[in-house]
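Readers should treat all values here as calculations from the given coordinates under stated rules, not as data from a laboratory. Note that the structure is a prediction, hence the values are computed from the model and not measured. Don't worry about glycine lacking a Cβ; one is built from the backbone with ideal geometry, like all the others, and counts go over all protein chains shown.
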Amino acid sequence: MADRSLLLIPGPTLVPESVLQAMAQHPIGHRSGEFSTLMAEVTAGLQWLHQTTNDVLILTASGTGAMEAGIINFLSPGDRVLCGCNGKFGERWAELCQAFQLQVETITAPWGQPLNPDDFAEKLQADTDKTIKAVIITHSETSTGVINDLATINRHVKAHGQALIMVDAVTSLGATPVPVDDWGLDVVASGSQKGYMIPPGLGFVAVSERAWQAYATAKLPKFYFDLGQYRRDAAKHTTPFTPPVNLFFALRRSLELMQKEGLEQIFARHDRSARMVRAAVAAWNLPLLGAAASASPAVTAVAPTTVDAEKVRSLLKKQFGIAVAGGQDHLKGKIFRIGHLGFAGEREMLTVIAALETVLHQLGQPLTPGSGVGAALQVLETTL
């Protein structure tokens, strides 16, 4: 049957029908009064979502572009930075920093395990000369389904007194609390195709006043990603370069939907969806890649040992039109990842759990029929 696909990867994510309809209207001039009104509305919505009164700047870029912008605007060649690496994206930010001639020191954990905040505390406390200029963290590590303890790591950064905290919140923003002002986060980057529930194409960077002070002396090269230009133009409700206008229509509608649902309800829905999936996986006696205590509310990584992960993905797609993600780098072929992010909720989780149980049974995984759905329903009964 055509048009029955269900996208449950960590991104791009499902897009609500009304958001697609908003995006389908005729474009408007990006230097018009109409666009200025649109820009003001989405900026206010972004500040609400980030729980901040600081700037939240909009780029035509992916989450990687937003992270690059967040790094190059506030640092200079040779600056010393700490980069947390426990998955593909943490490693990407270390490589990005090296490309811009920063002095990179990595704090690592095995893929599937969270970063240890004490490792950051040790490095930061030893830096009595205050040479560490930034600490760069992936909050929700998409490649492994692990969430890092940003709140605790950030407290150690604040105790240092000089270093900026820079956060990849690409799969955490809109899925779990990221209270920018309450935590005093300096640079927070995210992308439109995740918790924002719109297609790829927009990147977002929240910037603190401490970061803007660092911007004044930063010397890394930048032009298209010069956030100073975006800040000046955002104050006039415009952009320095041509934006994807129709994605702004989509963003306005998605933010309306999110505000109607409410932040606490959004976070509870993501937590509930994640717990439903993890309960089903446990009922089937399949291992997760990491411990449930550090599992991301945005994505669950399953590491089967009795069935082939790629065969699971293939049968899900062929028989049910459901797409889940595979592993990356050395985990390719060893795990599959279920996204429960953005517009996905309880209905989609029950669907993928039932389909997964069917596929696992076909592949010979020992299980009791109905056990996965039953475990998910128990989560629903105790959390709804």
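Numbers for the structure displayed
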{"read-out": "Charge tally in the Cβ shell below 11 Å around Pro297, where Lys, Arg are +1 and Asp, Glu are -1, Pro297 excluded", "value": "+3"}
{"read-out": "Extension gain (nm, one decimal) between Ala354 and Ala216, 0.36 nm per residue minus Cα-Cα", "value": "44.2 nm"}
{"read-out": "Furthest towards positive pole of dipole, Gly87, Ser62, Ala234, structure part the chain, Cβ charges", "value": "Ser62"}
{"read-out": "Cβ-placed point charges (K, R +1; D, E -1), dipole of the range 1-81 about Cα centre in debye, nearest 20", "value": "100"}
{"read-out": "Global geometry of the range 286-360, whether rounded, prolate or oblate, following the gyration tensor of its Cα atoms and the 1.5 cut on a/c", "value": "oblate"}
{"read-out": "Sorted by Cβ density within 10 Å, fewest first, the residues Phe336, Phe241, Phe89", "value": "Phe241, Phe89, Phe336"}
{"read-out": "Pairwise centroid distance, computed over Cα atoms, of the range 279-330 with the range 102-153, Å", "value": "26"}
{"read-out": "Partner lysines for Lys332 [C-alpha distance under 28 Å; skip if fewer than 8 residues away on the same chain]", "value": "Lys88, Lys194, Lys311, Lys317, Lys318"}
{"read-out": "Rounded to whole Å, sorted largest first: equivalent-ellipsoid semi-axes of the chain, Cα gyration tensor", "value": "35, 27, 17"}
{"read-out": "Dipole-positive endmost among Ser172, Leu150, Ser190 within the range 140-269 (Cβ charges, Cα centre)", "value": "Ser190"}
{"read-out": "Cα centre as origin, Lys/Arg/Asp/Glu Cβ charges: the chain dipole, Debye", "value": "600"}
{"read-out": "All aspartates and glutamates inside 15 Å of Lys219 as judged from Cα atoms, apart from same-chain residues fewer than 8 positions distant", "value": "Glu68, Asp79"}
{"read-out": "Burial ordering of Arg347, Arg92, fewest other beta-carbon atoms within 10 Å first", "value": "Arg347, Arg92"}
{"read-out": "Computed FRET value (nearest 0.05) for Thr242 with Asp182, which takes r as the C-beta separation and R₀ as 35 Å", "value": "0.50"}
{"read-out": "For the range 66-83 and the range 25-53, distance of Cα centres in Å", "value": "27"}
{"read-out": "Estimated distance in nm for a label pair at Arg155 and Thr108, the labels positioned 7 Å out from Cα along Cα-to-Cβ", "value": "2.8"}
{"read-out": "Positive dipole terminus of the range 263-383, leading residue within Leu288, Gly333, Thr383 (C-beta point charges)", "value": "Gly333"}
{"read-out": "Size of charge dipole - the range 263-383 - debye, nearest 20, with Cβ of Lys, Arg +1 and Asp, Glu -1, no other charges", "value": "260"}
{"read-out": "FRET E, pair Ala235, Asp3, Förster distance 45 Å, beta-carbon r, rounded to 0.05", "value": "0.55"}
